[in-house]
Each structure stands twice: as C-alpha cells, then as structure tokens.
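Heads up, the thing below is written out as structure tokens.
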Number of protein chains: 2
Amino acid sequence: MNRFARGERVSSWVFKICGLSEPELGILLSSIDLKHGTKLSISSRFPDMTLRLTVDEDDSGKTADLRAQIRAILGSHVYAESDRMLEEVVGELLLARQLTLALAESCTGGYISHRITRVAGSSAYYYGGAVTYSNEAKTLFLGVKTETLERHGAVSRETALEMSDGIRERTGASIGLSVTGVAGPSGGSAEKPVGTVWISIAQDSGHEARRFHFGGEREQIILSTSQAALDWLRLSLLQQNAAV
Amino acid sequence: MNRFARGERVSSWVFKICGLSEPELGILLSSIDLKHGTKLSISSRFPDMTLRLTVDEDDSGKTADLRAQIRAILGSHVYAESDRMLEEVVGELLLARQLTLALAESCTGGYISHRITRVAGSSAYYYGGAVTYSNEAKTLFLGVKTETLERHGAVSRETALEMSDGIRERTGASIGLSVTGVAGPSGGSAEKPVGTVWISIAQDSGHEARRFHFGGEREQIILSTSQAALDWLRLSLLQQNAAV
C-alpha cells in the first residue's frame, strides 16, 4: 500500500508484524540489502509492531523488489500492509468466512473480548463470551468438569480444551477460543510459573491447545496473551477458504 | 498524602477525580482562593482525571486548609488522594466489605472486566462475568427474557435490570453489575441515539438502573461507560459499612 508521508519526495510502506520480538525481527531483516535512498524502521506499541519502509521518491522503482523480499522473509508474520489493528484483520477474516466467534477468558479477564469489540461492526461475527475468573465460573458458564480442575488445575491443556469446547457448544458459535494462565504476580509455581498460558481453539475440524510462556509484568502478560490468541486465530482462519 | 516532586522546595498532593468533566471541575475550583506559592493543575488521561496541588515548601503550612477546601468542594468526586486507579479503589472497597462482584457487559464488550482484573489480587473479589454481545447471549448466560428484549429492546431499563439480576443470581456473587448501550457508530435511533447507555446494579438491598448519555466516538463511549459504572459501584459501596 503506497502512502505518501510528510513532503512529496518520500514514499513509505507499512507492514504490521505479529509473532516476533523486536530482536527477532531485526535479525530476519538483516539479510536485506538496503540500497541508497531506502530505509527500514521498526516502531512498537506493545504488543503491536510496525515495520516501515521509506524510499526517496526518485528511487521508488526499487520498492517492488524490496517489498517482495520483506514478504518472503516475514511470511505470515505480516498481518497487514496498512495501519490496521490485529483485531480488525481477524474480524475481516471471520466476516469473509461467515464464521462466528465466542470467547472464554480466564487470565486475560475480558481483554481479548474488549479488543474484538472495539472494532465497529464486530457484532456481525462476535457472539460474546464468558470471563471465567474463578473455577466456579468455568464450571457454571463453560461446563468444565470439577474433576478436570482438580486433577490438572485451571491452567492446563485439559481445562483450556474444555473451555473452548464448552463456550463453542453452549453458544453455537463456529469458533470457541479460550485462554487460561497465570498473569501473576502471585499464583505461580515451579511447574507453572507466572507467565504460563494455555490457549485453545475449538472449531468444526477439531480442537487444539498450545502452551505459551510470556515474560514481563501482569499487564504485559495480559497484552501478550491477547496478541498470541488473536494471531493464532488469524493464522487458523487463513488456512480456511473464504465463503464464496 | 504528601509527595515530594522534582527538587526539594516543592510539595504536591494528588486528588483523583471522577464524575466531573474538566470544565465542570474548573468551575468548582474557581472559588478557591489560591495564595502566593500555591498552584492547582488538572491533567487527564481520558476518562481519568488528576488534580494536583503544588505548594512551595516554605508555605507548606497553607496546604491543610487548601486540601480541606478541595475535599469540601469536590466531596465524593475525589476517589483517591494518591495515584491510584478507580478499579483499585473499587477492589479495596469490595475486599473491606467482603463482597464479591460479577459483571454482565454488552456495549463495553469486556472492558470493565479487563479493568477489574488488571488489578493484581482481583480474584479475591471478582467472580467473573459474561460478555453478552448478542441478544442470544443475554438470554443464554443471564436469562434475560426474549419478551423483554422484544418489547423494550436490548438497550433499556428492563433489560439492564434483568442482566444484573441474572448474573448475580446465576453466579451467587454479592453484586451484579450490568451495562447495555449503543456504542456506535451504527445502531442508534432517534429514541436511543449513539451514546445511550443503561447501567444497573443488583445487590441484597435491591436493584436499580440508570440511564446515561455519553458523547464521542465508539472508544470514548466504551471508556466513559466503564468509568461511570465503576464510579457508581464505588459510591454504592461507600454507603455500605465495611465488615468488622
């Protein structure tokens, strides 16, 4: 997407990035041969990251090749080539596939739901969800078995799967997304330290749960979890064909 | 709360403010007679507002009287005299009263739940809640009657009351708080324009719903709604005695 910035002699292109840390992104980009008159800069507003390619207007012929290189290197880590939010992209993918979403959040406490719903028009694909901050809520709203919570704990593959299955079955949404983790500062253990998070996606084709570990303080863990969950959902949707 | 800022010759006191716009706050404060060496400044990070009283160290004797004036003029609009968030103050009030909270959010989409849970230790008083973004979700999770939704609409006193009652009864929490409104940009009507919000609190002593109207864009309406809901909850808790 061609965007003209301050003045008329410079053009810039934006790539929104997901699933990489800033150092990882820097390493990946280091192989790019930046010719005179071109510049790559990274800016981040945690957990969101923006890569900007700036090119002198006179050299604009160079950008097609450079942009192709960036796309080839970063692949699906690029979630947009314009200044959009991850939750907007996810919403567009859901709309195009005519799918609906329901959420079951524990450690993120409603933050993913907030991100989904701050996008205007999200009621077209978002059913709603449950913030199951207590074990009782997990059982009441999602039907998570007391036995599962006792045997495996609230932060476990088994609980995450029952949460995503539960919200999907109860609401009838196409996709059930769940998160359960230890946001801290307390509640961690040797086996499940602060920052341990299970995310699960349930859909027609089956269900899956993945374990993550995020660093930082409570707020950062919540933000990182929301980003990882939305990014996994995006990648999962990309593998499905849009409705005709 | 005495706080020393940059350098040693100045002291400053912080008052966190709720339920007033910046112009309203300015008018209320205009009656205060600020003597030489004292200064009042307002800073805001929407929807939060901070009033700061700065006094030359040599004149610190003046502050007790000034602070008393500020308290008398602003009354319960001051929710903290330190740099705290409204959701922290609400959490402390719930803890002191040994009460639990459950939320039923529509237009705020989980944002109030996020604010409650970004406070460390909130699991001690927060049960969880439902984000009932669709009418079906209001019925499924909260037991709101289809008849109520059809007759009065999702944004109505009746629906707000059934939402707060429903979340309270189903979870067994001491307090059920609900919000339902039109965050826009679409969905408004002549009778219920964008920005119309109903908030309801249900507790042992009964239930109540209030209508609000907030200006601004979608994001601002969500933020303002969360602030109004938490502030009403705070004032309601202040009227109840702390547990002995």
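Here are a few things to note about the model shown:
- Residue tally, condition touching a residue at least 12 places away in the same chain (Cβ under 8 Å), assigned to a loop (DSSP other than H, G, I, E, B) and of a type in the set (S, T, N, Q), over the stretch B:128-151: 1
- Among (1) open to solvent by 40 Å² or more (accessible area, probe 1.4 Å); (2) modelled with pLDDT of 95 or more; (3) at negative phi, the one test that A:Gln98 misses: (3)
- Residue in the stretch B:193-201 that is touching a strand residue (DSSP E or B) at 6+ places or on another chain (Cβ under 6 Å), over 22 Å from B:His77 (Cβ atoms) and open to solvent by 10 Å² or more (accessible area, probe 1.4 Å) present: yes
- Looking across the stretch A:108-124, the residues that are outside any helix (DSSP H, G or I) and either of a type in the set (Asp, Glu) or open to solvent by 10 Å² or more (accessible area, probe 1.4 Å) (or both) come down to A:Arg118, A:Val119, A:Ala120, A:Gly121.
- Restricting the stretch A:207-244 to residues that are assigned to a loop (DSSP other than H, G, I, E, B) and open to solvent by 80 Å² or more (accessible area, probe 1.4 Å), the residue that is nearest to A:Val194 (Cα to Cα): A:Glu217
- Residue within the stretch B:208-216 that is within 14 Å of B:Thr180 (Cβ to Cβ), modelled with pLDDT of 95 or more and of a type in the set (A, V, I, L, M) present: yes
- Within the stretch B:31-83, the residues that satisfy the criterion of being in a strand (DSSP E or B) and loosely packed, with under 12 Cβ neighbours inside 10 Å are B:Ser41, B:Ser43, B:Arg45.
- Of all residues making up the stretch B:166-188, the number that are open to solvent by 40 Å² or more (accessible area, probe 1.4 Å) and either in contact with a helix residue (DSSP H, G or I) (Cβ under 9 Å, 6 or more places away or on another chain) or assigned to a helix (DSSP H, G or I) (or both): 6
- In the stretch B:126-140, residue farthest from the other protein chains (Cβ to nearest Cβ) [restricted to those that are open to solvent by 10 Å² or more (accessible area, probe 1.4 Å) and touching a strand residue (DSSP E or B) at 6+ places or on another chain (Cβ under 8 Å)]: B:Glu136
- Unique residue being open to solvent by less than 10 Å² (accessible area, probe 1.4 Å), out of contact with any Leu (no Cβ under 8 Å at 6 or more places or on another chain), more than 7 Å from every other protein chain (Cβ to nearest Cβ) and touching a residue at least 40 places away in the same chain (Cβ under 8 Å) when the list is A:Ala154, A:Ala160: A:Ala160
- Lone unmet requirement of (1) within 30 Å of B:Ala102 (Cβ to Cβ); (2) free of Cβ contacts under 8 Å to residues at least 60 places away in the same chain for A:Pro23: (1)
- Looking at B:Arg168, B:Arg234, just one residue is in contact with a strand residue (DSSP E or B) (Cβ under 8 Å, 6 or more places away or on another chain), over 16 Å from B:Ala130 (Cβ atoms) and touching a residue at least 60 places away in the same chain (Cβ under 8 Å), and that residue is B:Arg234.
- Members of the stretch B:46-94 found to be within 27 Å of B:His36 (Cβ to Cβ), among the small types (Gly, Ala, Ser) and in contact (Cβ under 8 Å) with a residue 12 or more places away in the chain, listed by number: B:Ser60, B:Ser82
- Enumeration of residues in the stretch B:188-221 that are over 17 Å from B:Arg157 (Cα atoms) and touching a His at 6+ places or on another chain (Cβ under 8 Å): none
- Taken over the stretch A:189-205, the criterion of being among the aliphatic types (A, V, I, L, M) and either away from chain B (no Cβ under 14 Å) or assigned to a strand (DSSP E or B) (or both) is satisfied by A:Ala190, A:Val197, A:Ile199, A:Ile201, A:Ala202.
- Search result, residues across the stretch B:218-236 that are more than 14 Å from B:Tyr79 (Cβ to Cβ) and over 10 Å from the mean Cα position of the chain (by Cα): B:Arg218, B:Glu219, B:Gln220, B:Ile221, B:Ile222
- You will find that of B:Glu92, B:Glu147, the residue that is away from every other protein chain (no Cβ under 14 Å), open to solvent by 50 Å² or more (accessible area, probe 1.4 Å) and more than 24 Å from A:Ser134 (Cβ to Cβ) is B:Glu147 and no other.
- Failed criterion for A:Ile17 (all others in (1) out of contact with any Leu (no Cβ under 9 Å at 6 or more places or on another chain); (2) at pLDDT 85 or above hold): (1)
- Condition broken by A:Leu28, with the remaining ones in (1) open to solvent by 10 Å² or more (accessible area, probe 1.4 Å); (2) part of a helix (DSSP H, G or I); (3) farther than 24 Å from A:Leu237 by Cβ satisfied: (3)
The values are calculated or read from the model by the stated rules, or taken from the named source; none is laboratory data. Please read these numbers as outputs of a predicted model, since none were measured by experiment. Because the Cβ atoms are built from the backbone with ideal geometry, glycine has one as well, and the counts that use them run over all protein chains shown. SASA here: full protein model, heavy atoms, side chains in, ligands and nucleic acids out. Shrake-Rupley method; radii C 1.70, N 1.55, O 1.52, S 1.80 Å.
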